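Undergrad: What follows is a structure written as structure tokens; I'll ask about it next.
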Amino acid sequence: MATQSAQGDQGANDQERSFGIAPALAVAASALVTLALVMSLTYWLGRRTETSLRFLEPRRAPTVDEAVIAHPIEYALDNHESNDVVFLGDSTCLAGIDPLRLQGLRGYNLGSQGSLGPIGTLVTAKAYLENHPLPRVLVLCFTPFRFEVNTGVAGGRLPNRFIASYGPEVQGVVPRATSVEYFLKRGAAGLLSERQRDVREDPLEGMTSQTYWTLQRRTYEARGHFALSGAHGGKWFVDEPPPPKLILDEWDSAIRQIAGLCNDSGVPLVLLFSPIWDEVSRSRDFSPLERWGRQLEAAYPRVKAARPVVLAYARPFMWDAIHLNEAGVQKFMPTVATNVQAAIAAQSARASVP
């Protein structure tokens, strides 16, 4: 009898525990479902946020530099028109190349701020090639001083913001897990904050006569070219003494990846250096850039490195030591056109060989 009583008590205890576990499991399951729903909602909110709003700070007006950085990648992602020639590079490309001056060719200038670094140029190139008909020529244009500048020193937080905002839109740039984490955070921030005004309608800091939208329209009408105002400005010196390396590994890697993309897709790639003020043209031994160009040509058959590497212009053609003014753009564009036409001719000759 005692044994039966003990067994009965044990059964009752087991039954009580099972009844106690069931509600706990139900609560846990409900919590997991709720968490999954919240995460799905925050991810959806983050993913549906416009790319430019991801990049721009939500509580202040954009700076003109931020707008200048956003406009090229937005064009590369969202506009699907065809161009014969596309230009990518730093601010010397942005200010120094006017596609409207190319005779008989439709072009677009995707130049940006040099502070965006090599990854910014690579992502923009990939975005364009993924979302547009292939151009007849792709041109990379940088100041000869660009590849010696470390991204971390020049760009601060901007390169990381750029990649976090735009990288998920381009294949193979951001790992899936990193992208999911970013969108969860972006969506959570949207849930927790009050509805913010659209900062793209605010006057730009540094150019109050324009908003993000009006400058974007003006830039599109100019085919991406951003002409600097006035004859002169900026600084008339470069860093000295020169650094030990004129071509940092991060730049070499990015340019080679772009060359590989062009090689695989059959698009000729021209590497062109923008003119510099003649007073700083002897501040470096630029021969490593010329040797590097020959190495790229040997490794990638569709690459052509324009020569001479250094184009030295007198002060009347320069806005500052590395940027062209209006007179300088007018002087430089025939050189640009010659290199573009040579690349097209070489491509045609290559295609005619059986």
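The values are calculated or read from the model by the stated rules, or taken from the named source; none is laboratory data. Small disclaimer: the values here were computed from a predicted structure and weren't measured. All Cβ positions, even for glycine, are placed from backbone atoms using ideal geometry, and neighbour counts span all protein chains on display.
Undergrad: Where residues in segment 89-112 are more than 23 Å from Val149 (Cβ to Cβ) and of a type in the set (Gly, Ala, Ser), which of them is modelled with the lowest pLDDT?
TA: For segment 89-112, the residue satisfying everything is Gly104.
Undergrad: Still on this structure, I have one more. If you scan segment 198-227, which residues turn out to be among the hydrophobic types (A, V, I, L, M, F, W, C) and either assigned to a helix (DSSP H, G or I) or under 21 Å from the mean Cα position of the chain (by Cα) (or both)?
TA: Val199, Leu204, Trp213, Leu215, Ala222, Phe226, Ala227
Undergrad: Tell me which residues, restricted to segment 31-88, are surrounded by 13 or more Cβ atoms within 10 Å (Cβ to Cβ), among the polar types (S, T, N, Q) and modelled with pLDDT under 90.
TA: If the condition is that a residue be surrounded by 13 or more Cβ atoms within 10 Å (Cβ to Cβ), among the polar types (S, T, N, Q) and modelled with pLDDT under 90, then Thr42, Thr49, Thr51 are the ones that fit.
Undergrad: Looking at segment 332-340, is at least one residue touching an Asp or Glu at 6+ places or on another chain (Cβ under 7 Å) and within 20 Å of Leu138 (Cβ to Cβ)?
TA: Taking every residue of segment 332-340 in turn, at least one turns out to be touching an Asp or Glu at 6+ places or on another chain (Cβ under 7 Å) and within 20 Å of Leu138 (Cβ to Cβ).
Undergrad: Another one. Among the listed residues Leu88, Leu105, Leu116, identify the single one that is assigned to a strand (DSSP E or B) and aliphatic (A, V, I, L, M).
TA: Leu88
Undergrad: On to the next question. Which ones in segment 240-255 are exposed (fewer than 15 other Cβ atoms within 10 Å of the Cβ), within 25 Å of the chain's Cα centre (by Cα) and not small (Gly, Ala, Ser)?
TA: Scanning segment 240-255 gives Lys245, Asp249.
Undergrad: Let me ask something additional. Between residues in segment 228-256 that are in contact (Cβ under 8 Å) with a residue 12 or more places away in the chain and assigned to a loop (DSSP other than H, G, I, E, B) and residues that are exposed (fewer than 14 other Cβ atoms within 10 Å of the Cβ) and not β-branched (Val, Ile, Thr), which pairs lie under 7 Å by C-beta distance while being six or more apart or on different chains?
TA: Leu248/Asn150
Undergrad: For residues in segment 281-315 being part of a loop (DSSP other than H, G, I, E, B) and small (Gly, Ala, Ser), which is farthest from Ala346 (Cα to Cα)?
TA: So, considering only residues that are part of a loop (DSSP other than H, G, I, E, B) and small (Gly, Ala, Ser), the one farthest from Ala346 (Cα to Cα) is Ser283.
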